[in-house]
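**Q** Below you'll find the structure I mean.
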Amino acid sequence: MKEEKQIVSQVATESLITDLRQIIEQARGHVAATANYALSIMYWQIGKRINTEVLDNKRAEYGKQIVASVARQLREEYGSKGFDEKNIRRMMQFAQMFPDIQIVSPLVSKLSWSHFLIDMPLIDRYRNPSKPLKLASTTFPVMITK
């Protein structure tokens, strides 16, 4: 009788742990997706704002200095991760390729910033902004798509 109770208890514990693992994994996936979405939209907004200042205000000749200065100041305030000059230029390119937030928003819900970094040279080459929509329907880990 005691042995049966232990077996039942062990099975119940294993079932509980399985359920808890699923809850944890779902929450982690949701957090990662939400963070990816927020970062990608932030990068788009940064690129859009810099493009407006540098390009729309006819200050393109100062573009290099402005981008370098912005990158330096953002790195000083927020750390080096994500705010180097090369990444700032990628943000600007991202906003140029997708000038409308209505286009960007559904894309970033399917693709991470890393996917955009991989896809942007292809998009730029073909000048076909609908290409990422096809890529978004087939979800590959970033390592596979490189």
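The values are calculated or read from the model by the stated rules, or taken from the named source; none is laboratory data. Small disclaimer: the values here were computed from a predicted structure and weren't measured. In this analysis, Cβ positions are derived from the backbone assuming ideal geometry, glycine residues included, and neighbour counts consider all displayed protein chains. Ligands, DNA and RNA are excluded from the accessible area calculation, which covers all protein heavy atoms including side chains. Shrake-Rupley method; radii C 1.70, N 1.55, O 1.52, S 1.80 Å.
Residue-wise test of (1) outside any helix (DSSP H, G or I); (2) modelled with pLDDT of 85 or more; (3) open to solvent by 70 Å² or more (accessible area, probe 1.4 Å); (4) within 17 Å of SER40 (Cβ to Cβ).
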| site | (1), (2), (3), (4) |
| --- | --- |
| GLU61 | no, no, yes, no |
| ALA68 | no, yes, no, no |
| ARG90 | no, yes, yes, yes |
| PRO99 | yes, yes, yes, yes |
| PRO106 | no, yes, no, yes |
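**Q** Please work out which residue is least open to solvent (accessible area, probe 1.4 Å), limiting yourself to the range 6-37 and to residues that are charged (D, E, K, R) and more than 30 Å from PHE116 (Cα to Cα).
**A** ASP19
**Q** Any residue that is under 22 Å from MET120 (Cα atoms) and open to solvent by 90 Å² or more (accessible area, probe 1.4 Å) - is there at least one of those in the range 38-49? First the steps, then the outcome.
**A** Just the residues of the range 38-49 that are under 22 Å from MET120 (Cα atoms), to begin with: 38-49.
Adding the requirement that they be open to solvent by 90 Å² or more (accessible area, probe 1.4 Å) leaves 45, 49.
Checked against the condition, which is being under 22 Å from MET120 (Cα atoms) and open to solvent by 90 Å² or more (accessible area, probe 1.4 Å), the range 38-49 yields at least one hit.
**Q** Right, something else. State all residues of the range 70-83 that are at pLDDT 90 or above and open to solvent by 60 Å² or more (accessible area, probe 1.4 Å); if no residue qualifies, say none. Walk me through it before giving the result.
**A** Looking only at the range 70-83, we keep the residues that are at pLDDT 90 or above, and these are 70-78, 83.
Listed by number, the residues that qualify are ARG72, GLN73, ARG75, GLU76, GLU77, TYR78.
**Q** Going by what's in this entry, would ALA95 be described as surrounded by 14 or more Cβ atoms within 10 Å (Cβ to Cβ) and either over 21 Å from the mean Cα position of the chain (by Cα) or at pLDDT 90 or above (or both)?
**A** Values: surrounded by 14 or more Cβ atoms within 10 Å (Cβ to Cβ): yes; either over 21 Å from the mean Cα position of the chain (by Cα) or at pLDDT 90 or above (or both): yes.
The answer is yes for ALA95.
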